[in-house]
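Read through the structure below, which is laid out as structure tokens, and then see the notes.
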Amino acid sequence: MTPKDKKAWWWVPSLYFTQGLPYVLVVTVSVIMYKQLGLGNAEIGLYTSWLYLPWVLKPLWSPWVDLKGTKRRWFLWMQLLIALALFGVGLSVPTDAFLTATLACFWMAAFASATNDIASDGYYMIALSEKKQSFFVGLRSTFYRLAMITGQGLIVILAGFLEQRLGDPARAWSITMVFTSFLMLLLTVGNFFATPVYEVNRSPEGGQGFVKVLRDFFLKPDIGWAIAFILSYRLGESQLVKMAAPFLLDTDSAGGLNYSTEAVGTIYGTLGVLFLSAGGILGGILISRDGLKKWMLPMLLALNLPNLLYALLAWTGENSLWAVGGTVILEQFGYGFGFAAFLIYLIYISQGPYKTAHYALATGFMALGMMLPGMASGFIQESLGYPGFFLWVVAAALPSLILLKYIRYPGDFGKKSAENDV
């Protein structure tokens, strides 16, 4: 068997960049693309939120990935499928049936991306020793964030540049998505050469073992309150993330701020992602120092209170770069800061003999909490207008604040010196 930790400095960055890129393309870049292709906000919110479904359901086929074939074979085939799906998006954009065709291709990319996540994370645990898993966690997170900068930033900026140059959004996005598919293909080839081959023994339990894992998850103490909290933690953010870019892109007459695609890509894909990462890093440091209990409420508030600034922009119509950039920076920093507590809580819920499978289930509920509100976000925005919508987003924090007093977890969970150190 190939020794553990071999060539890790090469394949960890590549593998996690490749994991992050399709996710941000499906979940975030698709929103901007459809807005520039003329779809209404209700359609954008509904259709792009459906694309979360593979991440919701991925725990159902994760045992299959574990039992059939190797993790390396799975992620290489899934990455190739993502490249083909993105190529299909690029070819479909200029056609009359672009909406149906591009959604089908994005759906294929979403399914392949969710499966790639399972296989890549499994490979990470197989190919690295326990000590190196901890050592490389920062590197994998960094390259996942770089993928977000590439998707939300550079790729959107490229599309915006082509829109200006060609004067045709459909052609601009077609070229952009074809280019992105070739980038994904190059990453797949790179992972083929960078990742060592590992063969491992698999569990013989099959479906029976999966039923036991599922049952044990739903028999955890206070699991009903925990699931309700997981579903509601990002209730406001799940709607904001779908309508923030349309708000910046919409014209004055539609209540938007009339920003260009290039400007949105620059603001969200560079400053936004950098401050998102900074918030996440600071949140992790503080929880590691003090434990989860001290920071759960402040982080929940940090996630939601900056959304008031979007309401202020919408009510006043202020569209200066300082005001908009500052709003995005504070909102993204608060999101990263607040999400740190959420991740630690998910890790706590997953504790036990089946922590990997239970974490997949917990993140499935997390994705469901993003999908369902996101589907309704466009209809709510069109009904209330942007000012009313952003106030609604702020009010959506109330369920999680109420549920906070019903969930149970050790106060020092996550603390570096605690017995149950994460």
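The values are calculated or read from the model by the stated rules, or taken from the named source; none is laboratory data. Every value quoted in this text rests on a predicted model; they were computed, and no experiment measured them. Ideal geometry is used to build each Cβ from the backbone, glycine not excepted, and the neighbour counts take in all protein chains shown. In case anyone asks, the SASA skips ligands and DNA or RNA and just uses the protein heavy atoms, side chains included. Shrake-Rupley method; radii C 1.70, N 1.55, O 1.52, S 1.80 Å.
Quick one: which of F217, F247 is under 30 Å from L305 (Cα atoms), open to solvent by less than 20 Å² (accessible area, probe 1.4 Å) and either of a type in the set (F, W, Y) or at pLDDT 90 or above (or both)? Before the answer, list the steps.
Details: F217 fails: under 30 Å from L305 (Cα atoms).
Residue meeting the stated conditions: F247.
Just checking, does the stretch 282-300 include any residue being within 13 Å of F333 (Cα to Cα), open to solvent by 40 Å² or more (accessible area, probe 1.4 Å), touching a residue at least 40 places away in the same chain (Cβ under 8 Å) and part of a helix (DSSP H, G or I)? The answer is yes, given that some residue of the stretch 282-300 is within 13 Å of F333 (Cα to Cα), open to solvent by 40 Å² or more (accessible area, probe 1.4 Å), touching a residue at least 40 places away in the same chain (Cβ under 8 Å) and part of a helix (DSSP H, G or I).
Among the residues of the stretch 353-378 satisfying the criterion of being assigned to a helix (DSSP H, G or I), hydroxyl-bearing (S, T, Y) and touching a residue at least 24 places away in the same chain (Cβ under 8 Å), which is surrounded by the most Cβ atoms within 10 Å (Cβ to Cβ)? Steps first, please.
First, the residues of the stretch 353-378 that are assigned to a helix (DSSP H, G or I): 355-378.
Cutting the leftovers down to hydroxyl-bearing (S, T, Y) gives us 356, 359, 363, 377.
Still in the running and touching a residue at least 24 places away in the same chain (Cβ under 8 Å): 356, 363, 377.
Details: T356: 15, T363: 19, S377: 26.
Out of the qualifying residues, it is S377.
Can S238 be described as more than 24 Å from P169 (Cα to Cα), of a type outside the set (F, W, Y) and part of a helix (DSSP H, G or I)? Full working, then the answer.
Working: more than 24 Å from P169 (Cα to Cα): yes; of a type outside the set (F, W, Y): yes; part of a helix (DSSP H, G or I): yes.
When the stated conditions are applied, S238 passes them.
Restricting the search to helices (runs of 4 or more DSSP H) fully inside the stretch 1-85 and requiring at least 2 residues that are of a type in the set (G, A, S) and touching a residue at least 40 places away in the same chain (Cβ under 8 Å) gives 8-24, 41-50. Candidates in the stretch 310-328 are the residues that are surrounded by 20 or more Cβ atoms within 10 Å (Cβ to Cβ) and either outside any helix (DSSP H, G or I) or not polar (S, T, N, Q) (or both); of these, the one that is modelled with the lowest pLDDT is V328. In the set F229, F182, only one residue is in a helix (DSSP H, G or I), out of contact with any helix residue (DSSP H, G or I) (no Cβ under 7 Å at 6 or more places or on another chain) and either open to solvent by 50 Å² or more (accessible area, probe 1.4 Å) or modelled with pLDDT of 95 or more (or both); that residue is F182.
If the condition is being in contact (Cβ under 8 Å) with a residue 40 or more places away in the chain, out of contact with any Leu (no Cβ under 7 Å at 6 or more places or on another chain) and among the hydrophobic types (A, V, I, L, M, F, W, C), then the stretch 379-394 contributes F379, I380, F389, F390, L391.
Looking across the stretch 84-106, just one residue is open to solvent by less than 40 Å² (accessible area, probe 1.4 Å) and of a type in the set (F, W, Y), and that is F106.
Do we have T270 as open to solvent by 50 Å² or more (accessible area, probe 1.4 Å) and at negative phi here?
Working: open to solvent by 50 Å² or more (accessible area, probe 1.4 Å): no; at negative phi: yes.
No.
Taking the condition open to solvent by 20 Å² or more (accessible area, probe 1.4 Å) and without any contact (Cβ under 8 Å) to a residue 40 or more places away in the chain, does S350 pass? So S350 does not fit the description; no. Close contacts from the stretch 401-422, counting a first residue that is of a type in the set (K, R) and a second that is buried (at least 16 other Cβ atoms within 10 Å of the Cβ) and at pLDDT 90 or above, with Cβ to Cβ under 9 Å and a gap of 6+ residues or different chains, come to R408/A226. Residues in the stretch 49-71 that are touching a Phe, Trp or Tyr at 6+ places or on another chain (Cβ under 7 Å) and modelled with pLDDT of 90 or more were compared, and the one that is nearest to A254 (Cα to Cα) is L51.
Restricting attention to the stretch 395-408, the residues being closer than 18 Å to M296 by Cα, open to solvent by 30 Å² or more (accessible area, probe 1.4 Å) and not basic (K, R) number 6.
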